[in-house]
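To start, the structure under review is shown below, and the notes come after it.
Taken together, the values in this text are just the output of simple stated rules run on the coordinates, not laboratory data. Everything numeric in this text was worked out from a predicted model, so none of it was measured. Neighbour counts run over all protein chains shown; Cβ positions are idealised from the backbone, glycine included.
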Amino acid sequence: MGYVKNVVLIGFMGTGKTSTGRLLAARLGRPFIDVDKELEAENGMTIAEMFALYGEAHFRHKEAEFISRVSRRHNAIIATGGGVVLNPLNLKHLASNSVVISLSASLDTILERTSRRDTRPLLNRPDRAEFVAKLLDERRELYQNAAYIVNTDGISPQLVVERIIVLLKQGGYIRG
Ligand code: S3P
């Protein structure tokens, strides 16, 4: 089949990057890489521990370093962390070798989806709802840096995958 671009999922926390990415990879029979999971494995600690022990800047450094490495791969489905868009170099590296798909969701959906787990250090605060609203506003434009944007409000990861597959076919990124 020759050289196949990566499919990279970007988007705010709670837009479903990990669950959608895993399903998409299974569906296409391609390797799945979850950037946060890989960072946790490489550093021998959770993201929350990295933030608590060494601070956010250290995490961002490790994240950028991993992104530059993973961008040299091909054929993979890659789910990124929500803050990957903060560093323009990350986007440049990813875009060089991948089709970037942005997953979006409303503030209400994000608040609902991120209330279930408490593994995200940025959201572990009493004014969570206000903070998420502010962060989403600040980053909204950055999540537009994608070939396609797929809204995930009220739809399952399975359906998001179907929509992505339609777009990838239309764009000539996959056959069928
Ligand atoms: C972050 C999102 C997280 C994780 C870290 C920082 C962010 O990933 O990388 O907690 O800045 O938005 P998810 O988007 O997978 O939750």
Overall Cα dimensions of the chain, principal axis frame, Å, largest first: 49, 34, 26
Volume in Å³ per residue [convex hull over Cα atoms, computed for the range 31-82]: 68
Extension gain from Gln158 to Thr46, taking 0.36 nm per residue of separation minus the Cα-Cα distance: 37.6 nm
Lysine pairs with alpha-carbon atoms under 28 Å apart, the chain, spacing 8 or more or separate chains: 17
Helix-only CD estimate at 222 nm, as mean residue ellipticity for the chain, using -39500 (n - 2.57) per DSSP H run (n ≥ 4): -14500 deg cm²/dmol
Reciprocal of mean inverse Cα separation for the range 95-176 (Kirkwood radius, Å): 14.5
Cut-off under 5 Å, modelled amide H: who pairs with Ile10 long-range: Ile101, Ser102, Leu103
Label-point separation in nm, Leu53 to Arg139, each point 7 Å along Cα→Cβ: 2.4
FRET E, pair Asn75, Glu130, Förster distance 45 Å, beta-carbon r, rounded to 0.05: 0.65
